[in-house]
Amino acid sequence: MFYAIFKILCRAVFGIVFRTKVIGAENIPSTGAFILAANHMSNFDPPFLGTFINRTVNYMGKEELFKNPIMAMICRGLNVFPVKRGTADKTAIKTAVKILKSGECFGIFPEGTRSKTGKLGKAESGVSLIAAMTKAQIIPAAIVNTDKIFSADKKFPRLAVVYGKPINFSSNAKDKDDLNNFAQSVMAEIAKLKVIGENAVS
């Protein structure tokens, strides 16, 4: 219930105030498991990414958020579970795998952290590993201009989110190079979608 209400509020704010351009929403599966992988520039990205699709998105969130009881309650209400950053958190990975194997959507930012420049960074292999473990398809997505929200230059920029065609992991799940190369290919697709989104709101 909390998630649904929050989503309605986000859709109103992002849709009306920031005049969000949504492209490719038809690429989102109506049922079944999938990984939603996007670039990351702002704390607004997790709610923004899932606002305009008719699926519930589950995310990892840094464990520091869960140290405050009120924040922890909010995170859990928004389907966020803790992850230890900078390590291979097996518990968090198992939770993501469980979510996908139950037929739900798992959202991930392959770069592992926010970009401070707005430019895309190198992907970590986590997105590949989870895709290999679950056989879930990946929907690449690009977020545009969330880093400019309430900025000194433009407090209410026009935003865009672009959802791409599904990608399937078909490489060797035990080969680190294959995992890394696939993760970079996901980022390459995100880069293409980002250009589409930037052109749509320019």
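Tabulated data
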quantity	calculated
Neighbours by Cβ (under 6 Å, 6+ apart or cross-chain): first from segment 22-45, under 19 Å from VAL97 (Cα atoms); second surrounded by fewer than 19 Cβ atoms within 10 Å (Cβ to Cβ)	GLY32/GLY103; ALA33/GLY103; PHE34/GLN137
Helices (runs of 4 or more DSSP H) enclosed by segment 1-90 - at least 2 residues per element that are under 14 Å from the mean Cα position of the chain (by Cα) and within 16 Å of GLY112 (Cβ to Cβ)	45-51
Residue match in segment 91-100 (condition: in contact with an Asp or Glu (Cβ under 8 Å, 6 or more places away or on another chain) and open to solvent by 80 Å² or more (accessible area, probe 1.4 Å))	no
Selection within segment 143-202 - among the hydrophobic types (A, V, I, L, M, F, W, C), more than 19 Å from PHE34 (Cα to Cα) and not in a helix (DSSP H, G or I)	VAL144, ILE149, PHE150, ALA152, PHE156, LEU159, ALA160
Cross-chain or 6+ apart pairs with Cβ under 9 Å, segment 171-183 first and among the small types (Gly, Ala, Ser), then in a loop (DSSP other than H, G, I, E, B) and surrounded by fewer than 17 Cβ atoms within 10 Å (Cβ to Cβ)	ALA183/LYS122
Residue that is nearest to ASN79 (Cα to Cα), among those in segment 101-152 that are open to solvent by less than 40 Å² (accessible area, probe 1.4 Å) and in contact with a His (Cβ under 6 Å, 6 or more places away or on another chain)	PHE109
Members of segment 34-80 that are of a type in the set (Gly, Ala, Ser) and touching a strand residue (DSSP E or B) at 6+ places or on another chain (Cβ under 7 Å)	ALA37, ALA38, GLY50, GLY61
Test set (1) at pLDDT below 95; (2) touching a Pro at 6+ places or on another chain (Cβ under 9 Å) - ASN145 fails condition number	(1)
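The values are calculated or read from the model by the stated rules, or taken from the named source; none is laboratory data. Remember, predicted model here, so these are calculated numbers, not experimental data. Positions of Cβ are backbone-derived with ideal geometry, glycine not excepted, and every protein chain shown enters the neighbour counts. Protein only, heavy atoms only, side chains kept; ligands, DNA and RNA dropped before computing areas. Shrake-Rupley method; radii C 1.70, N 1.55, O 1.52, S 1.80 Å.
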